[in-house]
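Below is one structure, written out as structure tokens; comments come after it.
The values are calculated or read from the model by the stated rules, or taken from the named source; none is laboratory data. All figures in this text were calculated on a predicted structure; none of them were measured in a lab. Don't worry about glycine lacking a Cβ; one is built from the backbone with ideal geometry, like all the others, and counts go over all protein chains shown.
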Amino acid sequence: MKTNITLICFESEFNKEIAHAMSNELELYYVDIADLLQFNFINLQDVLAKCGIDYLKKLENEAIKNVSTFENTIITSPINILLENQNIINLKNSSIIIYLKLSLKTLTTMSKKLDDNKSKALQVDLLAYDSRDKYFMANSDIVVNILSNNVNSAVKKVIKAINKYYI
């Protein structure tokens, strides 16, 4: 049995909130790949500027490989890191991949509540919604349709889906 859970969601802050709540509920550890990279390298923008995108991707891939060795952990990651096929493969080896599918309507509502920078980033993701949605649908063990931004409701739906997955 896989001992980790990887949550994928187009809205990263919402994803992190769900992961935190689930880690408390299920008594699991929690790690976010972006936070881990930020902690290890302090300023990823400097890494990108000085070393380039290929080096940054290498760091991201190494972080995914490392986290894949953890046990009893809920993992979140920015969407762009998970679009690297090898990263999904590495996570699938130790994780149940759960795609928290948000409708475009829900995503649009959420983007209106974000500050300008985060809202603009989410709008860019929305442009690629269909292709990324298909990719994550195909690469997930479980898909949970999330109809609102209510974290408690989402956590209950995800835990129910996990229980159903193992029965």
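Please work out if Ala19 is buried (at least 20 other Cβ atoms within 10 Å of the Cβ), among the small types (Gly, Ala, Ser) and out of contact with any Asp or Glu (no Cβ under 6 Å at 6 or more places or on another chain). Yes: the conditions hold for Ala19. Only one entry of Lys101, Lys118 meets the criterion of being modelled with pLDDT of 75 or more and of a type in the set (D, E, K, R), and that entry is Lys101. Of the residues making up region 72-112, those that are small (Gly, Ala, Ser) and not in a helix (DSSP H, G or I) are Ser77, Ser95, Ser103.
Conditions first: (1) touching a helix residue (DSSP H, G or I) at 6+ places or on another chain (Cβ under 9 Å); (2) modelled with pLDDT of 90 or more. Ala138 passes all but one, so which condition is the exception? Condition not satisfied by Ala138: (1). Of a type in the set (S, T, N, Q), surrounded by 14 or more Cβ atoms within 10 Å (Cβ to Cβ), touching a residue at least 24 places away in the same chain (Cβ under 8 Å) and out of contact with any helix residue (DSSP H, G or I) (no Cβ under 9 Å at 6 or more places or on another chain): is that true of Ser12 in this structure? In short, no. Among the residues in region 26-43, are any of a type in the set (Phe, Trp, Tyr), surrounded by fewer than 14 Cβ atoms within 10 Å (Cβ to Cβ) and either touching a Phe, Trp or Tyr at 6+ places or on another chain (Cβ under 9 Å) or closer than 30 Å to Leu104 by Cα (or both)? Yes, that holds for at least one residue.
Do we have any residue at all in region 23-44 that's closer than 25 Å to Ala154 by Cα, in contact with a strand residue (DSSP E or B) (Cβ under 7 Å, 6 or more places away or on another chain) and small (Gly, Ala, Ser)? Scanning region 23-44, I find at least one residue that is closer than 25 Å to Ala154 by Cα, in contact with a strand residue (DSSP E or B) (Cβ under 7 Å, 6 or more places away or on another chain) and small (Gly, Ala, Ser), so the answer is yes.
Based on what the data block shows, is Thr73 surrounded by 13 or more Cβ atoms within 10 Å (Cβ to Cβ), modelled with pLDDT of 90 or more and under 19 Å from Ala34 (Cα atoms)? Here the answer is yes, as Thr73 does meet what is asked.
Any residue at all in region 78-86 that's over 30 Å from Lys105 (Cα atoms) and in contact (Cβ under 8 Å) with a residue 24 or more places away in the chain? Yes, because at least one residue in region 78-86 is over 30 Å from Lys105 (Cα atoms) and in contact (Cβ under 8 Å) with a residue 24 or more places away in the chain.
Scan region 18-57 for residues that are touching a residue at least 60 places away in the same chain (Cβ under 8 Å) and small (Gly, Ala, Ser) and the total you get is 1. Among the residues of region 31-66, which ones are charged (D, E, K, R) and either farther than 21 Å from Cys9 by Cβ or not in a helix (DSSP H, G or I) (or both)? Listed by number, the residues that qualify are Asp32, Asp46, Lys50, Asp54, Lys57, Lys58, Glu62, Lys65. Can you confirm whether region 79-102 contains a residue that is surrounded by 13 or more Cβ atoms within 10 Å (Cβ to Cβ) and over 19 Å from Phe136 (Cα atoms)? Within region 79-102, not a single residue is surrounded by 13 or more Cβ atoms within 10 Å (Cβ to Cβ) and over 19 Å from Phe136 (Cα atoms).
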